[in-house]
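The values are calculated or read from the model by the stated rules, or taken from the named source; none is laboratory data. Because the structure is a prediction, the values reported are computed rather than measured. Cβ sites come from the backbone with ideal geometry, for glycine too, and all protein chains shown count toward neighbours. Areas reflect the complete protein model, heavy atoms only, side chains present, ligands, DNA and RNA absent. Shrake-Rupley method; radii C 1.70, N 1.55, O 1.52, S 1.80 Å.
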Amino acid sequence: MFQLSNFADANASEEAEFVLVGAPFDATTSFRPGTRCGPDAIRQASYNFETFESRYGIDLSDLRILDLGNLELGSDPGLACEAIQDSFAFIPEGATPIFLGGEHSITPPIVKKIAQSSEIGVIVLDAHLDLRDEYGGTKMSHACASRRILDIPEVKGYASIGIRSGSSEEYLYAKEQAIHYHTSEEVREKGMGQVLKVALEEVGCKRIYLSIDFDCLDPVYAPGVGNPEPFGLTSWDVREAIEVLAPRAAGLDINEIAPQYDSGQTAILGAKLAREFIAAKVARM
Ligand code: MN
Ligand code: MN
């Protein structure tokens, strides 16, 4: 089921605390493809860093981290969705899953699976509302990611941060349905800390799932994404979100990294943030 490949310091064979899963699916991308190469680019970049995460005083080589490799997902979104859910059979109970995308459509099946076994709210970092009911002839498009998350009855709350793009229909839908979202301007004006505080109140859940669509970042920090959108979050903003949210996170995904469109800096940031998520979760628990 998995193709072998390894994130740095992910050498656990049993009783893993953190489990990485590559989900290299990009069949519904709307502008430019390439996120199927995201997981391996992130893994390769992960070897750039010291095993010691100095900010948290945590050495990742002391932790039990397991990398299951890449799922074989093909190009049918329905089958990919099933395969992602089936992968949970390989994730030990109590371990925190970290999925490496792939496009944003990988997130709803992950959230569904986690929400079925524990009470969670969802925080999404994204430039886009992703509230379309359908796009390009499929309800499973990455342009529908947040809409599909909101369809999951077990999800207790939702808020997105970094928003600066959507159709007029999506903005209207968000207003009508009172969907919580925070723009990148709001983060710039009030600071990520303040926005997170409000978002956590809106989500109203002790445990959250964190989904990071990498186009939440400004293209200056993350040019290697499928749909770059100017006036975005800084790498410092996303780091702060991870520091605050990791201790209460039931899981994480990092999606939409398309390494073909830059000189490696987006995957490097993705790898660093995945490592900081692990360190922050262990240090702050
Ligand atoms: Mn998205
Ligand atoms: Mn996006």
field: For the chain, calculated [θ]222 nm from helices alone, where every DSSP H run of n ≥ 4 adds -39500 (n - 2.57)
entry: -10000 deg cm²/dmol
- prompt: Quick one: in the chain, what % of C-alpha pairs are over 30 Å apart?
  reply: 20
- request: Take every Cα pair under 8 Å in region 2-283 that's 6+ residues apart, average their separations, divide by the length, and report that relative contact order as a whole percent.
  value: 24
At 1.002 mPa s and 20 °C, Stokes diffusion of region 8-73 via Kirkwood alpha-carbon radius, µm² per second: 160
query: Hey, any idea what % of region 2-283's accessible area is carbon plus sulfur with a 1.4 Å probe?
result: 48
- request: Give the share of C-alpha pairs in each 5 angstrom bin for region 36-132, from 0 to the last occupied bin, in whole percents, shortest bins first.
  value: 2, 9, 18, 20, 21, 17, 9, 3, 0
Largest-first ordering by accessible area, 1.4 Å probe, given options Ser46, Ser168: Ser168, Ser46
field: Of all DSSP beta bridges in the chain, antiparallel share, percent nearest 5
entry: 20
- prompt: Residue by residue, what Karplus-based ³J(HN,Hα) values in Hz, rounded to whole numbers, does region 222-239 have, using 6.51, -1.76 and 1.60 with θ = phi - 60° and x for Gly and Pro?
  reply: 9, x, x, 9, x, 10, x, 9, x, 6, x, 6, 8, 4, 5, 4, 5, 4
Student exercise, the chain dipole from Lys, Arg, Asp, Glu Cβ charges, in Debye to nearest 20: 360
field: Unit charges on C-beta of K, R, D, E only; dipole of region 60-197, Debye
entry: 380
Accessible surface, per residue, of region 2-283 when the full set of protein chains is kept, probe 1.4 Å, Å²: 41
field: Rg(Cα) / (2.2 N^0.38 Å) computed for region 100-239, rounded to two decimals
entry: 0.97
message: Sort 16-26, 203-213 by packing, meaning the average of other beta carbons within 10 Å per residue, with the highest value first.
response: 16-26, 203-213
